[in-house]
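The values are calculated or read from the model by the stated rules, or taken from the named source; none is laboratory data. Given the structure is predicted, the values throughout are model-derived calculations rather than measurements. Methodologically, a virtual Cβ is constructed for each residue, glycine included, from the backbone with ideal geometry; neighbour enumeration extends over all protein chains shown.
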Number of protein chains: 2
Amino acid sequence: MELSPTAKVILGVLGMGPRSGYEIKALVDRSTRFFWAASYGQIYPELRRLGEAGLVEGTDSPTGGRKRTVYRLTPTGEGILRRWLGTPPEIYEMRHEGMLKLFFADALEPAERIERLREMQTLHRDKVAALREIEPAASEFPDSSPYQVLRFGIEFNEWVVEWCERAVEELEARLAAKRTG
Amino acid sequence: MELSPTAKVILGVLGMGPRSGYEIKALVDRSTRFFWAASYGQIYPELRRLGEAGLVEGTDSPTGGRKRTVYRLTPTGEGILRRWLGTPPEIYEMRHEGMLKLFFADALEPAERIERLREMQTLHRDKVAALREIEPAASEFPDSSPYQVLRFGIEFNEWVVEWCERAVEELEARLAAKRTG
DNA sequence: AAATCCATGTAATTCGTTACATGATTTG
DNA sequence: CAAATCATGTAACGAATTACATGGATTT
């Protein structure tokens, strides 16, 4: 039973309690999206597949005349979630356009290379700001895993901001040395 | 002229000098793969498309009876590369299974949560080791952008290893406090 | 009354990996 | 001479986003 990327988030989220597809998407957008995204085009078909495979179970629970299906884990699904959680992580990927541009920055003037670094810094500063907005709500449960993960996100992005700062300083020092030397 | 993800690496690599598709792939695998991967199934078709669009130009230069096409940037391609390099980065994505498992770790025993963290730590320790192997060769050009990016990779992964260490210590302290308290 | 939110779902398109097929050349 | 490397390419498949379509409920 190989779990698809989207199945992993769905099972994990349903492990916290029953939810509709819409609610799963909303939760993902507020939390795991920073390291594990999922769109409607993935979530709804995957919920159907997981239902067919017997890992989740949908119950109709409309709000008024608005139809709505709430999904919960079956015992099988619960077991498979546990098993997956108990396995070492395998997937770790990054797609970082700032890094890519920096990698090719030898083709640029030194001043432009510094500009590239500044832009990368801005991007990560914005990430810190975005995550800090979530923080007050999340800090209600300071011992929880989700809060720990949020802290990681904030501290990691702060680290990158500082790294950029140091990199800029080094480059500027080198530029100055070249001018005077 | 919207550049595809693979077009970005290809143009960047060709900006450092003419290369065959095979050589592009080899370089990517030794360098940008950590933050921008590309496979044969992307590279060869994209080289053809870039050729049709007039950004690159292929020249037959067989080695013996083994056919081989070396690509170089056209002036148009050069210009488009420059323009892209001079624009703020937009794409920044991460897919981190360790983080995802940690996020859902409230469903686990505290001891298991610590295990999850240890596994994440191992993963990043392995990354540090892998990058350190490349370092000696890269450090020949300590002022180059690629070396700077490699340093980022090493230092970033080291930071994560330390973060995991701190997180484990906190959790262990909390566990101990619970036992005695 | 309009805007926003709740809710579900699909179609089109792009992106990306893996595996396969083919064959020459070099190195041990 | 076997294995590794150089070299190009495609087919099958899976993953993912975006946009669209539809419609009820709630809020302003």
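Does segment A:78-93 contain at least one residue that is within 16 Å of DNA strand C (Cβ to nearest atom), at negative phi and crowded, with 21+ Cβ neighbours inside 10 Å?
no
Can you name the residue in segment B:24-43 that is within 9 Å of DNA strand C (Cβ to nearest atom) and of a type in the set (Ser, Thr, Tyr) and is also nearest to the other protein chains (Cβ to nearest Cβ) among such residues?
That would be B:39.
Any idea which of A:52, A:46, A:115, A:57 is within 30 Å of residue B:29 (Cα to Cα) and either within 14 Å of DNA strand C (Cβ to nearest atom) or outside the structural domain of residue A:17 (by TED's automatic domain parsing) (or both)? Outline the logic, then answer.
Numbers: A:52 fails: within 30 Å of residue B:29 (Cα to Cα); A:46 fails: within 30 Å of residue B:29 (Cα to Cα); A:57 fails: within 30 Å of residue B:29 (Cα to Cα).
The match here is A:115.
Quick one: is residue A:80 closer than 25 Å to residue A:131 by Cα and assigned to a helix (DSSP H, G or I)?
Details: closer than 25 Å to residue A:131 by Cα: no; assigned to a helix (DSSP H, G or I): yes.
The answer is no for residue A:80.
Considering only residues of segment A:132-156 that are in contact with an Asp or Glu (Cβ under 9 Å, 6 or more places away or on another chain) and either assigned to a helix (DSSP H, G or I) or in contact (Cβ under 8 Å) with a residue 40 or more places away in the chain (or both), which is farthest from residue A:119 (Cα to Cα)?
So the residue we want is A:145.
Hey, does segment B:60-75 have a residue that's charged (D, E, K, R), touching a residue at least 40 places away in the same chain (Cβ under 8 Å), away from DNA strand C (no atom under 16 Å from the Cβ) and touching a strand residue (DSSP E or B) at 6+ places or on another chain (Cβ under 7 Å)?
Just the residues of segment B:60-75 that are charged (D, E, K, R), to begin with: B:60, B:66-68, B:72.
Within this subset, residues satisfying the condition of being touching a residue at least 40 places away in the same chain (Cβ under 8 Å) are B:68, B:72.
Those left that are additionally away from DNA strand C (no atom under 16 Å from the Cβ): B:72.
Pick out the ones that are also touching a strand residue (DSSP E or B) at 6+ places or on another chain (Cβ under 7 Å) and you get B:72.
Yes, segment B:60-75 contains at least one residue that is charged (D, E, K, R), touching a residue at least 40 places away in the same chain (Cβ under 8 Å), away from DNA strand C (no atom under 16 Å from the Cβ) and touching a strand residue (DSSP E or B) at 6+ places or on another chain (Cβ under 7 Å).
As an exercise: evaluate residue A:85 against (1) away from chain B (no Cβ under 14 Å); (2) more than 15 Å from DNA strand D (Cβ to nearest atom); (3) within 28 Å of residue A:156 (Cα to Cα) and give the number of the one condition it does not meet.
Status for residue A:85: all satisfied but (1).
Would you pick out the residues in segment B:28-38 that are surrounded by fewer than 18 Cβ atoms within 10 Å (Cβ to Cβ) and in contact (Cβ under 8 Å) with a residue 12 or more places away in the chain?
B:30
Scan segment B:94-106 and give yes if some residue there is more than 7 Å from chain A (Cβ to nearest Cβ) and not in a helix (DSSP H, G or I), otherwise no.
For segment B:94-106, residues more than 7 Å from chain A (Cβ to nearest Cβ) and not in a helix (DSSP H, G or I): absent.
Taking segment B:31-70, which residues are within 11 Å of DNA strand D (Cβ to nearest atom) and under 20 Å from residue B:146 (Cβ atoms)?
B:43
Suppose the filter is within 16 Å of DNA strand C (Cβ to nearest atom) and under 24 Å from residue A:93 (Cβ atoms); does residue B:5 pass it? Quick ask: steps written out before the conclusion?
Values: within 16 Å of DNA strand C (Cβ to nearest atom): yes; under 24 Å from residue A:93 (Cβ atoms): yes.
Yes: the conditions hold for residue B:5.
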